[in-house]
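Beneath this line is the structure, given in structure tokens, with notes to follow.
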Amino acid sequence: MGRESANSNAYEINVHPSRPEDPTTSTMDQQQRRHRHQHQTGGGGDFKPFKQWFPWLVPLFVVANVVLFIMEMYVNNCPKRSTNCIGAGFLGRFAFQPLKENPLLGPSSETLLKLGAMDVDKVVKEHQGWRLISCIWLHAGLFHLLANMISLLFIGIRLEKEFGFIRIGLVYLLSGFGGSLMSALFLEFGISVGASGALFGLLGAMLSELITNWTIYANKFAAFMSLVIIVLLNLAVGMLPHVDNFAHIGGFISGFLLGFIFLIRPQFGWVSQKTCPPGYIAPPAKSKYKAYQCMLLVISLTLLITGFTIGLLELFKGVNVKEHCSWCQYMTCIPTPLWSCKSPTVYCQSSQFGPQLNLTCLSTGKSGVYILPEDNPTQIQILCSQLCQ
């Protein structure tokens, strides 16, 4: 997107020399015309009405996600629980689970659950609401991690340069929370991990930032359409099976509203006064923000607070939105002749003696013994699915 520092016409300053008889007036007038010409043509020069930030938070987020993934693999310790680990010869306890169990090259579902994956039963019944945040720092596998971190670097660094670490950090975290919340409201069983909701939040914030700061973009409609196409393509990918598109949609909506709140730019009249060359009288001061920007901010803040509040209340009541919305299932997966959106149903016979859980898959006859300190239906279902694969 061709971004300019300001609109070439709107940013022209009608100023008057403070001393018309001063011999330096012609020089200063030439200097202002040079600034104006550089701004209109996009030429060189150091005229920058908006501050540029050094991006350090987004790279720190990437490092944190990588370190946590290494910790996942350390805790997982595949060779201790399986004989078919990938890379056990040179990775040791960091070896990946077998491909039939985790095709993304990562740990087991049990490990992810232990480290903070989003699980509706634990969030609702055991009041572990912190999982709505912790899950965005975990990844299901190496491929999952690489895809998200590359996207975060491309999107996040650009935004942090323009708006600073505080605002982009808040957009990232709150969007991740919004994605987890929507996922929890629609997820019937199983676990969910990943930074995708937060990443979609950054995309949503980019779109709302373009709308609220419309006048500072060159080729406005081209920039708008290119961003919309990128968002739609990413949401379309989320309609494939085994992808939690509810987290993507929740993160995108949250980020879209947050963009109107945190990524607002001052209007040109106000910036003109602040950047007026020395020796000139600036036009009368104008308000810092336009009326439509303030209106969008208030509406977005109201919708965001209302949505988060209602969502949390419904979640802790144990409400599953999919039971009241039959068509919502198509938001995360559209069935085609190539794949089915229904998770394969597996059944296991179980018996538990203290912490020891014995499972037998009824479809394959395979049996397994696990240590499970407490009766957890979600974890038992995960173990059963792994056993029957």
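Residue separation of LEU142 and LEU173 scaled by 0.36 nm, minus their Cα-Cα distance, works out to 9.0 nm of gained length. Multiplying the residue separation of ILE166 and VAL369 by 0.36 nm and removing their Cα-Cα distance gives an extension gain of 68.3 nm. All Cα-Cα separations within the stretch 40-199 were binned at 5 Å from zero, giving a P(r) of 2, 9, 16, 17, 16, 14, 10, 6, 4, 2, 2, 1, 0, 0, each value a whole percent of the pairs. Spin-label model, PHE54/THR309: points 7 Å from Cα along the beta carbon direction are separated by 4.2 nm. Think of the stretch 77-205 as having a plus end and a minus end, set by charges on the Cβ of Lys, Arg, Asp and Glu; of LEU170, HIS144, LEU159, HIS144 sits farthest toward the positive end of this dipole.
Taking a Cβ cut-off of under 14 Å around ALA117, the surrounding Lys, Arg, Asp and Glu residues balance to a net charge of -3, with basic ones at +1 and acidic ones at -1. Ranked by the mean number of other Cβ atoms within 10 Å per residue, highest first, peptides 190-202, 308-320 order as 190-202, 308-320. Model label sites at PHE221 and PHE316, defined 7 Å from Cα along the beta-carbon direction, differ in position by 4.9 nm. Taking GluC sites (Glu not before Pro) across the stretch 151-207, the ones in a DSSP loop with at most 16 further Cβ atoms lying within 10 angstrom of their Cβ are GLU188. Taking the Cα atoms of the stretch 57-331, the ratio Rg/Rh between the radius of gyration and the Kirkwood radius comes to 1.05.
No lab work stands behind these numbers, since they all come straight from the coordinates. The structure displayed is predicted, hence computed values, not measured ones. Every residue, glycine among them, receives a Cβ derived from its backbone with ideal geometry; neighbour counts consider all protein chains shown.
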